[in-house]
1. Looking at (1) closer than 20 Å to D92 by Cα; (2) part of a helix (DSSP H, G or I); (3) in contact (Cβ under 8 Å) with a residue 60 or more places away in the chain, which is the one condition that is false for Y34?
2. Could you please let me know if S220 is touching a Leu at 6+ places or on another chain (Cβ under 7 Å) and either buried (at least 23 other Cβ atoms within 10 Å of the Cβ) or within 21 Å of G36 (Cβ to Cβ) (or both)?
3. Regarding segment 175-190, can at least one residue be identified that is of a type in the set (V, I, T) and in a helix (DSSP H, G or I)?
4. Got at least one residue in segment 141-149 being part of a helix (DSSP H, G or I), at pLDDT 95 or above and within 22 Å of K261 (Cα to Cα)?
5. Across segment 1-29, what is the total count of residues that are surrounded by fewer than 18 Cβ atoms within 10 Å (Cβ to Cβ), in a helix (DSSP H, G or I) and modelled with pLDDT under 95?
6. If you check every pair at least six apart or on different chains, which have Cβ atoms under 8 Å apart with a residue in segment 202-216 that is in a helix (DSSP H, G or I) first and a residue that is crowded, with 20+ Cβ neighbours inside 10 Å and among the polar types (S, T, N, Q) second?
7. What do you reckon, is L246 among the aliphatic types (A, V, I, L, M), assigned to a helix (DSSP H, G or I), without any contact (Cβ under 8 Å) to a residue 12 or more places away in the chain and farther than 25 Å from A9 by Cα?
8. Quick one: how many residues across segment 62-91 are in a helix (DSSP H, G or I) and surrounded by fewer than 16 Cβ atoms within 10 Å (Cβ to Cβ)?
Amino acid sequence: MYWVGLPLALVISVFLVPAGARGLREAGLVRENYRGALLAFPLGAVLATAALVALAPLAFLDDRADLDLLAPELRRWLPYLLGIAFLGFLDDALGRGEAVATPRGWRGHWAALRRGSLSTGAIKAIGALALAAYVVSGRGLEDWRYIADVALLILATNLFNLLDLRPGRAEKGLALLGAGLCLGAWTWEPLELLGIFVGPVIIGAWLTLGERAMLGDTGSNLIGAVAGVWLLTVLGADARLVALALVLALTIYGELRSISKTIDSVPPLRWLDSLGRA
């Protein structure tokens, strides 16, 4: 009955996520988007909270009623998912003043370190490395495969952060990845494992596409963490190496070129990117 998590999270999120976005705005927690509109920010904090609200009854019934509502593997990955969201929240809350002086991406964080300044982005990167190294450990992997899986998890998380430059883009990327993994492996495992996080992301996409709220690094990191965990749990050993090569190539491209300009220059991608957007 692992599938129960997704519909429960959807029902909870229908009420909690829009209310949370309103609460952010009423508290003055807003940020200007790429078009100059002020949006509730960071919605990712609300998404993580909605996932925890869904987790509470599932965990209780799973243990007390012995109903098998939570996939056992969730215990392994939960520290990374919540930890990476927290690190993103630190960046959202404390890193705004650095945005002018420090470029986005790995190059910007490395430049800050060379100047003797530890940016919140660098703190996030170090924390992500520590969390990834922890959750990937204990799986009986060879040394080089362990390092490769850690790299895949971190880079997948960062890639969705690079994608989150337009409303709904990160959510659409996650949807395409999930559909590809489910159809390719002919399994519901991704949704059964992380349904409590997918539900809030689906409802949150309605708000981000309508330009009523912005994910922030909290949300894009959480979505990227979900994607990384899916890649590690669904793909076989060799397929994960292929995924690592693809994610690394996309990350390098995103650091050196504008992903938004590339998407705008390809009509099918431009159509998909704008689909559902206000």
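1. Of the numbered conditions (1) closer than 20 Å to D92 by Cα; (2) part of a helix (DSSP H, G or I); (3) in contact (Cβ under 8 Å) with a residue 60 or more places away in the chain, the odd one out for Y34 is (2).
2. On the way: touching a Leu at 6+ places or on another chain (Cβ under 7 Å): no; either buried (at least 23 other Cβ atoms within 10 Å of the Cβ) or within 21 Å of G36 (Cβ to Cβ) (or both): yes.
It is false that S220 is touching a Leu at 6+ places or on another chain (Cβ under 7 Å) and either buried (at least 23 other Cβ atoms within 10 Å of the Cβ) or within 21 Å of G36 (Cβ to Cβ) (or both).
3. Filtering segment 175-190 down to residues of a type in the set (V, I, T) leaves 187.
Subset that is in a helix (DSSP H, G or I): none.
For segment 175-190, residues of a type in the set (V, I, T) and in a helix (DSSP H, G or I): absent.
4. The answer is no; no qualifying residue exists.
5. Of the residues in that region, 1 qualify.
6. The qualifying pairs are I202/S13; I203/S13; G204/S13.
7. Yes; evaluated as a whole, the condition is true for this residue.
8. As a first pass, look at segment 62-91 and keep what is in a helix (DSSP H, G or I): 62-64, 74-91.
Then drop every residue that is not surrounded by fewer than 16 Cβ atoms within 10 Å (Cβ to Cβ), which leaves 63-64, 75, 79.
Qualifying residue count for the region: 4.
The values are calculated or read from the model by the stated rules, or taken from the named source; none is laboratory data. Quantities reported herein were computed from a predicted structural model and do not represent experimental measurements. Note that each Cβ is placed from the backbone with ideal geometry, even for glycine, and that neighbours are counted across all protein chains shown.
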